1. Just to be sure before I move on: is THR51 outside the structural domain of PRO130 (by TED's automatic domain parsing), under 15 Å from the mean Cα position of the chain (by Cα), within 16 Å of GLY133 (Cβ to Cβ) and of a type outside the set (Asp, Glu) in the structure I sent?
2. When region 98-141 is examined, which residues are found to be of a type in the set (S, T, N, Q) and in contact with a Gly (Cβ under 7 Å, 6 or more places away or on another chain)?
3. Taking the residues in region 1-22 that are surrounded by 12 or more Cβ atoms within 10 Å (Cβ to Cβ) and not in a helix (DSSP H, G or I) as candidates, determine which candidate is modelled with the highest pLDDT.
4. I'd like to know if region 87-106 contains one or more residues that are at pLDDT below 85 and within 16 Å of the chain's Cα centre (by Cα).
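The values are calculated or read from the model by the stated rules, or taken from the named source; none is laboratory data. Fair warning: this is a prediction, and the values are worked out from it, not measured in the lab. In this analysis, Cβ positions are derived from the backbone assuming ideal geometry, glycine residues included, and neighbour counts consider all displayed protein chains.
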Amino acid sequence: MNSRKLAIVFAVAVSVSGLAVGSVRTGADVRGILTSQGYLTVSNIQQDGDTWSAEATAPKTRQLVKVRIDAATGVVTPDDETAEKSPLDILQAIQAAGYTNVSAVRFIGGVWKANAISSTGHSVSLKLNPADGRVIEEKPQ
């Protein structure tokens, strides 16, 4: 199996498992993540800081959509700034994950972000999956 097929198989396996694909460094990484999730005709790939954007044909609707890809986690979200969860849903998900003193819950760049105190007592910045409120990144403040 050549390395490109192996990379696509790995990306599909990671995607199916629900884990983030991880560090997205190139346009080829973006294309691989999107195609592994069923997107077609990927184009107009651009990087803006820690977020990638692209246009692609959606797998279910077959319509051209704009998406964002988090460079650190590989999480793909629609670029329409439509969150699937409310701020209250996100607050509850963060608290259920063991965080306290949650503040600054906001939807930016296709993901939820918040500040909180971790279960070990450290101040952290969080990124959360917009679909299910799962913590996809935790960084010390």
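1. No; evaluated as a whole, the condition is false for this residue.
2. SER119
3. Out of the qualifying residues, it is GLY22.
4. No, that holds for no residue.
For (1) of a type in the set (Lys, Arg); (2) assigned by TED's automatic domain parsing to the domain that holds ASP132; (3) crowded, with 16+ Cβ neighbours inside 10 Å; (4) within 16 Å of ALA131 (Cβ to Cβ), each residue gets a yes or a no:
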{"site": "ILE33", "(1), (2), (3), (4)": "no, no, yes, yes"}
{"site": "THR41", "(1), (2), (3), (4)": "no, no, no, no"}
{"site": "PRO59", "(1), (2), (3), (4)": "no, no, no, yes"}
{"site": "GLY74", "(1), (2), (3), (4)": "no, no, yes, yes"}
{"site": "ALA93", "(1), (2), (3), (4)": "no, yes, yes, yes"}
